[in-house]
Amino acid sequence: TAIAWFKVEDTLRPDAKQLVGYLKQSGYQCHILSGDSSGHAQAIGLQLGIDSVISNANPQDKLTYIRTLQQNQGRVLMMGDGLNDAPVLAGADVSIAVAEASDLAKIAADGILLSQSLKPLYQSMVLVNKTYRIIRQNLTWAILYNLIALPLAAAGFIPPWASALGMSGSSLLVVVNALRLNRNQEIA
């Protein structure tokens, strides 16, 4: 008869659901690649709403999986912490090692989360998406302005002083729009 039973497992980070929810809402696909064969990865996948869970994967399996994703679906961001994650971290387009990762994983990664929290990664993703949105707005405005104002100015329908004022105003609008990135609003 057993004297005692011990259950050892990783716990889910409190902010993991928020990060995965945001990524899925933003149109990103989330996958779990794990060397664990106990079924724990599937349980985590269920908690996070991630359908694509690969267990019992060795480093080569993980790298092959990432390469397939890159060929079929584009860029891959990989997070990992173990020795067996180092080749995949090095092979991903962007890779992040978590704070308690092995030294080899940290060396292979492009970035390292310095705390236990995933909030900095979440905030970075929100900021990146906001930056791309503002860049698209600024390019759209600049192209539209130039498509309308330049031909009118070249044809003489707009006096030179009004063209200069319009170009300055357009540039000012683009700068003010870009300054919205500096707003100190707390990202939930």
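Quick notes on this structure:
- Residue count for the range 114-134, restricted to those that are in a helix (DSSP H, G or I) and either open to solvent by 80 Å² or more (accessible area, probe 1.4 Å) or among the aromatic types (F, W, Y) (or both): 4
- Summed over the range 61-86, the residues that are open to solvent by less than 60 Å² (accessible area, probe 1.4 Å) and among the hydroxyl-bearing types (S, T, Y) give a count of 1.
- Tally, over the range 40-60, of residues that are open to solvent by 70 Å² or more (accessible area, probe 1.4 Å) and touching a residue at least 24 places away in the same chain (Cβ under 8 Å): 3
- Here L173, L165 are screened, and the one residue that is part of a helix (DSSP H, G or I), in contact (Cβ under 8 Å) with a residue 12 or more places away in the chain, open to solvent by 80 Å² or more (accessible area, probe 1.4 Å) and of a type in the set (A, V, I, L, M, F, W, C) is L173.
- Tabulated pairs, the range 16-35, first under 16 Å from N72 (Cβ atoms), second basic (K, R) and assigned to a helix (DSSP H, G or I), C-beta under 7 angstrom, 6+ apart or interchain: C30/K24; L33/K62
- Candidate set: the range 87-103, residues that are in a helix (DSSP H, G or I) and surrounded by fewer than 23 Cβ atoms within 10 Å (Cβ to Cβ); chosen: the one farthest from the chain's Cα centre (by Cα): D103
The values are calculated or read from the model by the stated rules, or taken from the named source; none is laboratory data. Note that this is a predicted model, so its numbers are computed, not measured. Positions of Cβ are backbone-derived with ideal geometry, glycine not excepted, and every protein chain shown enters the neighbour counts. We work out accessible area using only protein heavy atoms, side chains counted, and drop any ligands, DNA or RNA first. Shrake-Rupley method; radii C 1.70, N 1.55, O 1.52, S 1.80 Å.
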